[in-house]
Amino acid sequence: MTLDIADEFFEDSFAIFNIIDTSIKNAGFIMIGVAMLHMLRHKHNLIKQINQEMAEKELLQKKLQFEAYHDPLTALGNRRACFELFETQQETHSHLYYFDLDNFKTANDKHGHLVGDNILKLFAHAISKEFGADNCFRLGGDEFVAFGASIPITEQWREQLLNELKPFSVGASIGYVELRENVSADTLLNLADLQMYKDKSHKIFRSSRRH
């Protein structure tokens, strides 16, 4: 009789222990699951942060590269870009054009630097429409160059480029040379520059004859 009661007690105790053990195991599984979920979320956020930092770094690199090779005012390529891309431009275009704005300093002094900056941007836009922005460069000040096909330098064409600059009485002297192989960028730019000054001197002579 006593043994029977003891057997029943231990059987009930083992059943309770089994229930408690199962509950503890289930709780452990839940805790492990929660921990894994937390870890996965942490890794996901870390990967997201790394990707964002990489994207920001890439944008910064592109920005710095753009600033290194472009004029901040007109967004055209700068002198550095012109020289580094000269051979590539030489392979795809037949002529080099050199522009210098006439009376720019007078207009800048008369109307102020903001208007002067706008004049430069307007002219940059005009030659970009004619030659394509990737083929135009601002060397500095009011001097620009462009690469393109052979274009007759007529007064009508010149007026077309200067159409938006008429209110400021700003003109442009233009020189151009044929691009030739085995001739350095310095030489070709110098030749185009000399042609531009010839154009400028002829305009000054014609203007003086009218007075």
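Quick notes on this one:
- Toward the positive end of the charge dipole of the range 63-211, with +1 on the Cβ of Lys and Arg and -1 on the Cβ of Asp and Glu, the farthest Cα among ALA107, GLY77, GLN89 is that of ALA107.
- Square roots of 5 times each gyration tensor eigenvalue, C-alpha, the range 65-111, largest first, Å: 26, 16, 6
- Counting only protein heavy atoms and a 1.4 Å probe, the range 93-211 has 55 square angstrom of accessible area per residue.
- Considered as an equivalent ellipsoid built on the Cα gyration tensor, the range 77-211 has semi-axes of 25, 17, 13 Å, the largest given first.
- Mean Cβ neighbour count within 10 Å, used as a protection proxy, ranking 105-113, 34-42 highest first: 105-113, 34-42
- Accessible surface of the range 58-196 [probe 1.4 Å, protein heavy atoms]: carbon and sulfur percent: 50
- Antiparallel DSSP beta bridges within the range 28-177, as percent of all bridges there, nearest 5: 95
The values are calculated or read from the model by the stated rules, or taken from the named source; none is laboratory data. Since the model is a prediction, treat every value here as computed from it, not as a measurement. A quick note on method: Cβ atoms are made from the backbone with ideal geometry, for glycine too, and the neighbour counts reach across all protein chains shown. With ligands, DNA and RNA removed, areas are computed over all heavy atoms of the protein, side chains included. Shrake-Rupley method; radii C 1.70, N 1.55, O 1.52, S 1.80 Å.
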